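Enquirer: Dropping the structure in here first, questions after.
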Amino acid sequence: MISTQCYGSDIIIIIIIIIIIIIIIIIIIIIIIIIIIIIIIIIIIISSSSSSSSSSSSSSSSSSSSSSSSRKILKENINRIETIQRYFTCRLLYNEHLSFSDRLELLKRETLEQRIIKSDITMFLKCRVKC
């Protein structure tokens, strides 16, 4: 005679193992997505820094046109990064009704553009003091 209780407990163990495997796969997928987002941000930052360095090495006649194009590229990159920031601040606070500026205020953060402006001013003042 075959006992049905043995088969019932085996099925429960198999279901628990399958659920654990699914949870592990989901965690791995989330980690991969986070790594991809970090890589994208790094690529954007590297491309913007290389475009700004190439524009600084160009001649003075073309520097004004390349400067405006590099500002446009920088603005596009800022918008891309801030889109990611908007997404994660929304998920972090679990509140989609707050505006982006309100979420940043709650987290005591500034927009990327504000941080860049502060950095530029600081750099300008340091250069001015040294010169």
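The values are calculated or read from the model by the stated rules, or taken from the named source; none is laboratory data. All figures in this text were calculated on a predicted structure; none of them were measured in a lab. Heads up, the Cβs are rebuilt from the backbone with ideal geometry, glycines too, and the neighbour counts pull from every protein chain shown.
Enquirer: Spot the failing condition for residue 20; the list is (1) exposed (fewer than 12 other Cβ atoms within 10 Å of the Cβ); (2) assigned to a helix (DSSP H, G or I); (3) modelled with pLDDT under 80, and only one is missed.
Expert: Status for residue 20: all satisfied but (3).
Matching residues to (1) assigned to a helix (DSSP H, G or I); (2) under 16 Å from the mean Cα position of the chain (by Cα); (3) modelled with pLDDT of 85 or more:
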residue: 14; (1), (2), (3): yes, no, yes
residue: 35; (1), (2), (3): yes, yes, yes
residue: 71; (1), (2), (3): yes, no, no
residue: 78; (1), (2), (3): yes, yes, no
residue: 83; (1), (2), (3): yes, yes, yes
residue: 105; (1), (2), (3): yes, no, yes
residue: 123; (1), (2), (3): yes, no, yes
residue: 128; (1), (2), (3): yes, no, no
